[in-house]
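Colleague: Pasting a structure below so you can have a look.
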Amino acid sequence: MSAARRPARVARGNEPAPFRNRRAAIRWLDSLQGSGIRPGLDRMRALLRAMDNPHRAFETVVVAGTNGKGSTSATIASILLRAGLRTGLYTSPHLVDLRERWRIDEADVSPDALLAALREMHVGSRVSGIEPTYFEALTLLAFLIFRDAKCDVAVLEVGMGGRLDATNVTRPLVALISAVAMDHQEFLGDTIESIAREKAGVIHHGTSAVTSVRDARALRVIRARAARVGATLAETSADCRASNVRLEKGGLAFRLLTPIGRYELRTPLAGAHQPDNVALAVRGAERLRARFPSITREVIVEGVASTVWRGRLESIELPHGVVWVDGGHNEDAIRAIVPFVEERIPHPRCLVFGIMRDKDWETVASLVFPLFDRIILTKPDRDRGCDPRALARLAGLDRRRVTIRARPAAAVELAVEECWPATLVCGSLYLAGAAIEVLDGIRR
């Protein structure tokens, strides 16, 4: 691991003019959003060379998968922090503020640190002659921010796929792969096997990998990749057992048995699927113990209990009742929270719902709509969101039951104004972010 902290290599006199302020820098970053998705690592590697390879200044853990990778990332980052390691966490998307995407020891990156990284990345882009895509830029910023913060280790949540994702330029100490399901078929392929093949691309030669995948088709692909590159693979579905799972105030409690430890765990993350995500993080932490001996059993227990990960069946108490906020946005994610709704959210229930049109919105809506007495529909993103009128046709035309609000914030505000004792907001992380912003404002 290189300890270099040098600035980008720029010929004297050729430096581009620096951004005047953070607003100008963010405008440039935002201008990259129209660049679309261009899978491949050549641009990233060239840009990193122009910035003197900041990604080599710290160790990494990568987390790929379709569902659960955010929760897993936050959990293992919490464990690493409690082990005394300066820890970076890179996730996407953000819920309220862009700076949430880059966290150092559980604090969002500071405005000044973000501006410094933006300036250096802009220089690197000009020197290399390569304009990054938006996600490539966000990932480059992560490497610069974590280098400048002198992180010991960074947890990187893979954006889409894995093999050609911008995060896959590092050689991780351990690669974690959470549940694999149908998603982004236009880029990853239209079978579970093809999607798993892309996810498995984060497993590198001679490294360590852990997966919580249960689907036999996906598991075969992941095993084959690990065998081909000589990586050691652990499967939590085979070697871990969660028992005595119970919902307590503020999250879940359960016993976890792994091949090398027995843990009595509490996580603030609710939902029947969370023991799988926690087991994945715990097994990853156990694998990291050889490199970081401070990851003890007690540290793992404390790290799981201290995890901070908003918008995942997060309960927010208001004077009139409770609002649960979840970013579940595809069929598998919704199936995971349906039992929670049926068992833990009392009637009468209100649903605030919006989803992206590239998801299987008809299936998702058919799963969740029948569970609620009142439905408020919205469009989580102006360009990519599903038309609420199409959703309303699935829900029925009873205006007493179904209402449309164009803005996500307005949909959440309406649910609050109607004083429902129990409300669920779900369907999109963008909608979850809007809900958290509204609800945090009410609680202040």
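A short reminder: the numbers here are calculations on the coordinates, not readings from a lab. No experiment lies behind these values; they were computed from the predicted model shown. Here the Cβ positions follow ideal geometry from the backbone for every residue, glycine too, while neighbour counts run over all protein chains shown.
Colleague: Given a cut-off of 30 Å, name the pairs among K199/K359; K69/K359; K150/K359; K69/K150 whose C-alpha atoms lie farther apart than that in the structure shown.
Modeller: Among K199/K359; K69/K359; K150/K359; K69/K150, the Cα-Cα distance tops 30 Å for K150/K359.
Colleague: Hey, what did the range 22-305 get for relative contact order, percent, Cα under 8 Å, at least 6 apart?
Modeller: 22
Colleague: Wrap a convex hull around the Cα atoms of the range 110-215, take a quarter of its surface area, and give that in square nanometres.
Modeller: Taking the Cα atoms of the range 110-215, their convex hull projects to 8.1 nm² on average.
Colleague: Then there is this: Using every Cα-Cα pair within the range 52-104, state what percent have a distance larger than 14 Å. Intermediate results must be reported in sequence, preceding the final value.
Modeller: On the way: 812 of 1378 pairs.
Considering the range 52-104, 59 percent of its Cα-Cα pairs are separated by more than 14 Å.
Colleague: Only counting other Cβ atoms within 10 Å, I'd like T232, T258 sorted with the fewest neighbours first.
Modeller: The order, fewest Cβ neighbours first, is T232, T258.
Colleague: Can you give me the Cα centroid spacing of the range 387-444 and the range 90-154 in angstrom?
Modeller: That distance is 32 Å.
Colleague: What's the exposure ranking of T87, T403, T423, going from fewest to most Cβ atoms within 10 Å?
Modeller: T403, T87, T423
Colleague: For the chain, evaluate the Debye formula with one uniform point scatterer on each Cα (no solvent term) and list log10 I(q)/I(0) at q = 0.07, 0.13, 0.14 Å⁻¹, rounded to two decimals.
Modeller: Here the Debye-derived log intensity ratios amount to -0.34, -1.21, -1.37.
Colleague: Taking every pair of alpha-carbon atoms in the range 314-443, give the share separated by more than 19 Å as a whole percent.
Modeller: Details: 3336 of 8385 pairs.
Above the 19 Å cut-off, the range 314-443 has 40 percent of its Cα pairs.
Colleague: Given the range 177-283 reduced to its alpha-carbon atoms as identical point scatterers, what log10 I(q)/I(0) does the Debye formula return at q = 0.19, 0.21, 0.22 Å⁻¹?
Modeller: Values, matching the q order: -0.95, -1.05, -1.10.
Colleague: Kindly provide the helix-only [θ] at 222 nm of the chain, computed as the sum of -39,500 (n - 2.57) over DSSP H runs of four or more divided by all residues, to the nearest 500 deg cm²/dmol?
Modeller: For the chain, the value works out to -12000 deg cm²/dmol.
Colleague: Based on other C-beta atoms within 10 Å, arrange S208, S71 from fewest to most.
Modeller: By the 10 Å Cβ count, ascending: S208, S71.
Colleague: What share of the DSSP beta bridges in the chain is antiparallel, in percent to the nearest 5?
Modeller: Looking only at bridges with both residues in the chain, the antiparallel portion is about 40 percent.
Colleague: Now, a different point. What is the magnitude of the charge dipole of the range 22-305 about its Cα centre, with +1 placed on the Cβ of each Lys and Arg, -1 on the Cβ of each Asp and Glu, and no other charges, expressed in debye to the nearest 20?
Modeller: About 540 debye.
Colleague: Suppose we keep just the alpha-carbon trace of the range 230-321; what are its Rg and Dmax in angstrom?
Modeller: 14.5, 56
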